[in-house]
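This report concerns only the one structure given below.
We did not get these values from a lab; they are worked out from the coordinates using the rules stated. Model, not experiment: these values are computed from the prediction. A quick note on method: Cβ atoms are made from the backbone with ideal geometry, for glycine too, and the neighbour counts reach across all protein chains shown.
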Amino acid sequence: MQSESRGTVLIDILFIVAPHSLLLDLAGPAEAFRMANMHLQKRGEPARFKLRYAAASTLAISSVGLTLAGLEPLPDHLPKPTWVVLSGQPSSVLNFDNRAKPNADSKATSHWLAHTLPALLAQSEAHKLVTICSGSLIAARAGLIGTRRCTTHHELLEHLRTAAPAAQVVDNRVFVLDGSLASSAGVTAGIDLALHLIAQTCGDACAAAVAQDMVVYLRRTPNDPELSPLLAHRHHLHAAVHRVQDAVSTQPARDWTMPLLAAAACVTERHLLRLFSTHTSISPLDYVRSIRLERARQALQRGDSVTRAAQDAGFNSDLQLRRAWKQRYGDTPSAGRPTSALQAGRTAIGL
């Protein structure tokens, strides 16, 4: 990976491998980040993620009995932006009834989480703590949750409330984000969370491509009541339709016509209309308009003028944006702008 020499700082994805870690908690997100790098490099862009695996010993037995080798020591510093990922463990290992005696590696991992990791995470705002499934409970026992919002597997919610009584434990969520803490529910929800983080860092088109490769559905964001327009209409596996959606998401301001859309799909215009009707329930040009409206909404939230938002999103004029906005949202684009400079700043940094 040469991305750092090109001005892009790699984000370390540091998986903490505790004894008997749930293998899917680790492998699912790891594959998502690996594939994100692959798609970025196919587009001529630098990789964004470096996968690392650390444990109390160089060997660790996973939940399915597979031994993981070549693990690096638990770090005493995080020199680069790092997302520390805590995967879950089986209920028998979590030891709810205090009957099992933890082994030396379990004790060493718990000690590192409680006594070293908080100081490491506090060193930079670029660091994150990402918990998968019962990884939230492990983080809570180490005092890493505090008063923040979080979630975990539905069968462990009450245990999480007991372990982190000051936390705001959220039921019935695939994943929850609160500042530098990102937590997810059951094992496959870790993939959903990874896709969301990839979208935030690398763009929606990259996340959609990874989801397509992994044959998983893109889930809604943790905060929005509806699916983001940039991720909507993606619950299908048709390659030609995905090619069009990727192209439009990447270049929304391009003068997209039916001939150009059909060329991107490598099918005829008539066939593309049928494919969109079957797999997305909207027309190709309606899809283009929805993407442009979302890009305009994001620009307005950053504090851009209506004129600049219309231009950047690909609308021919302010009037065209206003008409499309009125039809979609029932008000004017001005309603999509922050009410103050402070709100604009908070939106820009994701608060």
Item to check | Shape call, the range 139-275: gyration tensor on alpha carbons, a/c limit 1.5 | outcome: prolate
Next on the checklist: Can you give me the C-alpha center-to-center distance between the range 1-76 and the range 227-289, rounded to a whole angstrom?
Outcome noted: 33
Checklist entry - Length gain on complete extension for the stretch Asp76 to Arg243, per 0.36 nm per residue less the alpha carbon to alpha carbon distance? => result 55.7 nm
Next on the checklist: So if each residue of separation counts as 0.36 nm, and I subtract the Cα-Cα distance between Thr67 and Gln251, what length gain in nm does that give?
Outcome noted: 61.8 nm
Item to check | Calculated FRET efficiency for the pair Ser317/Thr268, C-beta based, R₀ 22 Å, to 0.05 | outcome: 0.10
Checklist entry - How large is ³J(HN,Hα), in whole Hz, for each residue of the range 111-125 in order, when computed from phi with the Karplus curve 6.51 cos²θ - 1.76 cosθ + 1.60 and θ = phi - 60°, using x for Gly and Pro? => result 5, 5, 4, 7, 10, 10, 4, x, 5, 5, 5, 6, 6, 8, 6
Item to check | Computed over the chain: relative contact order in percent, which uses C-alpha pairs under 8 Å that are six or more apart | outcome: 11
Next on the checklist: What aspartates and glutamates does Lys42 reach when the alpha-carbon gap must be under 20 Å and sequence neighbours fewer than 8 apart in one chain are set aside?
Outcome noted: Glu4, Glu31, Asp204, Asp213, Asp246
Item to check | Only Lys, Arg (+1) and Asp, Glu (-1) charged, at Cβ; the chain dipole about Cα centre in debye | outcome: 640
Item to check | Peptide ranges 45-57, 159-171, 323-335 listed from the most packed, as the mean C-beta count within 10 angstrom indicates | outcome: 45-57, 159-171, 323-335
Item to check | Hydrodynamic radius by Kirkwood, which averages 1/r over all alpha carbon pairs of the range 3-209, in angstrom | outcome: 17.1
Checklist entry - Each residue of the range 60-67 in order: what ³J(HN,Hα) in whole Hz does its phi give by Karplus 6.51 cos²θ - 1.76 cosθ + 1.60, θ = phi - 60°, with x for Gly and Pro? => result 8, 8, 7, 4, 9, x, 6, 8
Checklist entry - Just checking the chain: which Cys have no other cysteine's beta-carbon under 4.7 Å? => result Cys133, Cys150, Cys266
Checklist outcome for this item: FRET efficiency (Leu10, Thr58; Cβ distance; R0 22 Å; to 0.05) is 0.40
Next on the checklist: How much length would be gained if the chain were fully extended between Lys326 and Leu51, taking 0.36 nm per residue of separation minus their Cα-Cα distance, in nm to one decimal?
Outcome noted: 94.5 nm
Checklist outcome for this item: As a percent rounded to 5, the proportion of antiparallel DSSP bridges among beta bridges in the range 3-209 is 20
Next on the checklist: Under a Cβ-only charge scheme (Lys and Arg +1, Asp and Glu -1), can you give me the dipole magnitude of the range 3-209 about the Cα centre, in debye to the nearest 20?
Outcome noted: 180
Checklist outcome for this item: To the nearest 10 degrees, the tilt of helix 318-329 (Cα long axis) against the first principal axis of the alpha carbons of the chain is 60
Checklist entry - Past the 18 Å Cα-Cα mark, which pairs from Lys50/Lys107; Lys80/Lys128; Lys80/Lys107? => result Lys50/Lys107; Lys80/Lys107
Checklist outcome for this item: Under 5 Å from the placed amide H of Lys128, counting only residues 5+ away or on other chains, we find Thr82, Trp83, Val84
Next on the checklist: Residue by residue through the range 160-170, what is 3J(HN,Hα) from phi via Karplus (6.51 cos²θ - 1.76 cosθ + 1.60, θ = phi - 60°)? Round to whole Hz and write x for glycine and proline.
Outcome noted: 5, 5, 5, 6, 10, x, 8, 6, 9, 7, 9
